[in-house]
Structures are given as structure tokens and as C-alpha cells.
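Okay, structure first, notes after.
What follows draws every value from the coordinates through simple rules; no lab data is involved. Predicted model, so just to flag it, every value in this text is computed and none were measured. We place every Cβ from the backbone using ideal geometry, glycine too, and count neighbours over all the protein chains shown.
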There are 2 protein chains.
Amino acid sequence: MSAATTEMATTAGETYSPRQNAVLESALALLVEGGERALTTAGVARAANCSKESLYKWFGDRDGLLAAMITFQSSQVRAEPQSSGAVGRAALRAQLIGIGANLLRVLAGDMSLALNRLAIGQARRDEAKLGRLLREHGRKPIETRLSALLEAGRAAGLIAFDDTREAYRTLYGLVVRDMHVRLLLGDGLDDQSPAARAEQAIDQFLRLYGAERTTGLSPEGRHGTGPAPERAGAGNERTG
Amino acid sequence: MSAATTEMATTAGETYSPRQNAVLESALALLVEGGERALTTAGVARAANCSKESLYKWFGDRDGLLAAMITFQSSQVRAEPQSSGAVGRAALRAQLIGIGANLLRVLAGDMSLALNRLAIGQARRDEAKLGRLLREHGRKPIETRLSALLEAGRAAGLIAFDDTREAYRTLYGLVVRDMHVRLLLGDGLDDQSPAARAEQAIDQFLRLYGAERTTGLSPEGRHGTGPAPERAGAGNERTG
DNA sequence: AATGCAGCGTACCGTACGGTACGGTTCCTT
DNA sequence: AAGGAACCGTACCGTACGGTACGCTGCATT
């Protein structure tokens, strides 16, 4: 923190000076510890040993600070080097399980939960600036990476699907289920380890999308989306 | 509002008088419209034409009001009469699709989103009173209902699973995927209709758990949970 | 050495909110 | 008719927060 204060830090778009980074880290720590209510401008200034005036000069206002925290945190996160080895059946499975387990660990992390709670708490019916930022910086990357892997698997003839996004979402649902929202609501983690959970989910996914051995499926059973019986649900529950 | 102010409203646990119900409805409307920041005691009092003093007498403090809003809202929601007709293959599928579509509609509703945003925004790493309330009142019911249906299907030999909760969660994940969190973060709805989405998901679920026609699955492929290769994920992403 | 800039710490201001107190009104009870 | 309970509307209080202004220090340039 003392070495090089002069270096400008490649100011590309949303990058900040080292001093500002340190301040943002303090703010993030504060957020993780005490939630949004702990994120007062005075509190951040005190925790980071900087002046409120500097905060406002650097980030504009409180919302700017919150936005900066999100972009900063996501910039800190670099995806692993994408081990793009040749894809075999087992290798694909292993890679999917690895990414799935990683996803679970990320979502269950204190930092991720705190930022998601912050963005969700701010979101209104129409406006959701922080939410958009978080979707853009937090979810897009993993979707891109997973989608690429899925398409590689398809190219290798290991899995079959028409719509990549559809397949990705199914995979996501099988892996994460309702864990994320439950954690956001303060529930505890599952007893199952991320690796075990991911393995189970990936095996289910491969059972649905695998193309290695033509199972005894009815021909129309693969991506059926035909007109449904509709059976309009009777009740009127509203409290998910 | 004038008719019967004397009737006590079966005061069982968390029930309120008609006047209080009306106040809570106003508060909920306020929450849906403007988010948590719109939920000031003065604002609620003004919107409901009541005095702040009454608010504090009835609900204790602001947190008590928030809790009351959740319990009230969930009390308003009664599950549909559970059409417990005889279960056939098609009937089970139709019922599952109906419940799934209903679930999607509920989760995407303004009221549900507003309450979830409220509870999530309040939640901290340790304390999450509202979150627990919401999980208890909002999610338990549908889990119970769906689980009962699944077990009925299993009893009829239509589907096979060991752990009901596991099966329920898989179903939930296939139906909801990441839609809920995306909506909470302010994203728009999918273009796909709830009914179509539910149908697709249920068909996937039945493909995984269906027992009607023994498909060409490897014997161990059903609920495999054996020790995994572990492949510890390399990266250190944190920003879900 | 003189100058200037960036930033720290503090004091300050206006506002908005949670919570309380009080007077007046309506309606029920006796 | 008298008394009282519930409740509305408003005024009030203390606090805490977002945002601004100012004086001071340390460092870099020249």
C-alpha cells in the first residue's frame, strides 16, 4: 500500500488508482460484515482512513460508490486459464463438474452474497442499476465460459442440443437449484459438498443432453415443446 | 371499514383485526410500488389513514410491521384445493406442470418479488429474521404440496427416487433455474410462457425420474453419489 | 526554497426517519 | 347522559445520514 502511489493504474474505463482500490476493499469488507446499513459514507471513510470529501470526488455520490464496488470486485476476479484440453467424454464431464462446483462455491461466498443482497435490496420494479451491473459483470462471464464448453462438447459429438442458452440454463438450474435464493434469505448451506453436488447435477445434465449412447428415448422426447394441455393452475398464491 | 369493528378476527397466533389487515395491505402496496425505502412509518400511516401511534401499538416497531406484512400476505394465500384425483401417467404430468407453472407465476409476481427483495435486503451474514419468515411461510407450503404429489407418483409406480427432498429440489431447479434471482436483480421476464416452461421442465424431470419404461440407463446411473474425482477448481472467482 | 496539488480529518448543514406525546373525535358501553 | 376506549392527525424530539466546506499536512515538481 505504500510502494508505488504514483503509478496511474491503466485507466481503462472503470479502473481506479491503487488508493481507490484500497478504499473499495475497505468498503467491501464493511459490506460483508454489516450489510448495506453499515455502508455509510462516514463509515467507509473511517474504515479506509480517507476523507469523505475524497469519496465524493472519486465516486460522485453513494450510488457511485456502490457501483464502483461491484465493478471493482468483478475486476478482481479473473477466470481460471480455461484448460482447453482435448475433449473426451470423461474430460468434458470433469470440466463441467469443476466449473459447477466452482460456481457453487462462488455463489455461497460471503462476498457474492453481500453484493447480491445489496443489489437486490436496491432493485425496484422498474429501476435496478446495481442489479444490471451485477448481472453483467457477475453472471455473463460464467455463462460465456460454460456455453463455450458446452458447444465444444457438442462439436465433439458428446452432447446434443439446439439452443445453447437453453442448455446452459438447464445446467445452471440442475447445479444451483434454489440454493442461491435460500442463502440470500439467510438459510444455511447444504450439508452436501459443492463437488458432490456438482457431480450429481452434471450426471443428470448428461443424462438429459448426452449423445454418447442412444438411450431408449422416444424420438420426440428430446426437446419437446409442443402445445401443452395447459391445465391453467387454479389457485392464486402470491408469496413465493 | 365501518361495518364491524368489534369482531375480533379469530386471534390465532398471527392474525390481525380487519383494520390492521387494511393497514397491512396499504403497506404492501406501498412496498410493491416503491421498495423498502418507501416503507416509512409516516408513509404507511398516511397511505392507510391511520396514526403512527396506532402502528406502534399494533406492530411494536418498524421490524414488527415488516414481519406482520409477510405473515399477513402469506395468510392471504391459500393453496388450491389440491385436486387429488387418481394419479395416472398423464395426470401426474399435468398436475406437475400445473404446479410448476403456478410456481413460476407466483415467483414472478410483483408482490413476491417485493417481499423477497425486502427480506434479502435486510438479511445479514448471521441475522435474517425476515428471511426465515419468508422461507417458512412462502416456500415450505409449496414444497410440502409438491413433495406429496411426488410421493403419490412414486406410490403409483410412475416415478422413482430415494430422497423426496432431493427429487423436489431437482424439480424446482429444472422449473425455476436462475429466473428467480434474475428477476430479483431487475431483469425482465423470459419470453417463454410459464406453462410452456413448466411443461419442458417437467418432461425433463420425468426423463430423469420416470419409471414407466426402463430406459437404457446404466444400472448405477440413477442416483449415483459415489466418491468423486474431486478436481479442485483452480480459480478464485467471488462475484456470482 | 517556494509553490502547488492531493488528500486527511473534522466540523457543519439540511433533511428525513423512527419513535413518542398530546389533543380532539367517534363510537361503544352502562 | 356520562364515561371510557380506540384511534386519528399532528406536532415534537433525537439521531443518523448524505453531502459540502475548510484548514492542515505531506509530497512532488521546478
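Couplings 3J(HN,Hα) of region B:193-201, computed from phi: 6, x, 4, 5, 4, 5, 4, 4, 5 Hz, in residue order, whole Hz [Karplus 6.51 cos²θ - 1.76 cosθ + 1.60, θ = phi - 60°; x for Gly and Pro]. Amide H to amide H, with H built 1.01 Å from N, residue A:159 comes under 5 Å of A:154, A:211, counting only residues 5 or more places away or on other chains. Label-to-label distances for residue A:190 across copies, nearest first, come out at 2.0 nm, using points 7 Å from Cα in the beta-carbon direction.
Sort A:188-195, A:109-116 for me by packing, meaning the mean count of neighbouring Cβ atoms within 10 Å per residue, highest on top. If you can, show how the numbers build up before the last one.
On the way: A:188-195: 14.4, A:109-116: 21.6.
The densest-packed peptide leads the list: A:109-116, A:188-195.
Each copy carries residue B:43; placing its label point 7 Å along the C-beta direction from Cα gives inter-copy distances of 2.0 nm, listed from smallest up. Would region A:159-198 count as rounded, prolate or oblate if I go by the C-alpha gyration tensor, calling it rounded below 1.5 in a/c and otherwise prolate when a/b exceeds b/c, oblate otherwise? Oblate shape, in that a/c is at least 1.5 and b/c is the bigger or equal ratio. Maximal additional length on extending the residue A:162-residue A:40 stretch stands at 39.1 nm, based on 0.36 nm per residue less the C-alpha distance. For region A:33-42, backbone phi angles converted through the Karplus equation (6.51, -1.76, 1.60; θ = phi - 60°) give residue-by-residue couplings of 6, x, x, 4, 5, 7, 8, 8, 4, 4 Hz, Gly and Pro being listed as x.
Given a Förster distance of 41 Å, report the FRET efficiency between residue B:90 and residue A:151 from their Cβ-Cβ distance, rounded to the nearest 0.05. Once the sixth-power term is evaluated, E becomes 0.70.
Using a Cα-Cα cut-off of under 28 Å, which lysines could be cross-linked to residue A:140, ignoring same-chain neighbours fewer than 8 residues away? Hits, sequence-local ones excluded: A:129. With the simple model of a label 7 Å out from the Cα in the direction of the Cβ, residue B:144 to residue B:182 spans 3.2 nm.
Filter the GluC sites (Glu not before Pro) in region A:119-167 down to the DSSP loop ones having no more than 13 other Cβ atoms within 10 Å, then list what survives.
A:127
Excluding residue B:184 itself, calculate the net charge of residues whose Cβ lies under 11 Å from the Cβ of residue B:184, where each Lys or Arg counts +1 and each Asp or Glu counts -1.
Values: positive: A:117, A:135, B:117, B:182; negative: B:178, B:187.
My count for the surroundings of residue B:184 gives +2.
Phi-derived couplings, Karplus 6.51 cos²θ - 1.76 cosθ + 1.60 at θ = phi - 60°, listed residue by residue for region A:92-99: 4, 4, 4, 5, 4, 4, x, 5 Hz, with x used for Gly and Pro. Annotation: extensible slack from residue B:125 through residue B:62 equals 20.6 nm (criterion: 0.36 nm per residue apart, minus Cα-Cα distance). Averaged over peptide B:185-197, the number of partner chain Cβ atoms lying within 10 Å of each residue's Cβ comes to 4.
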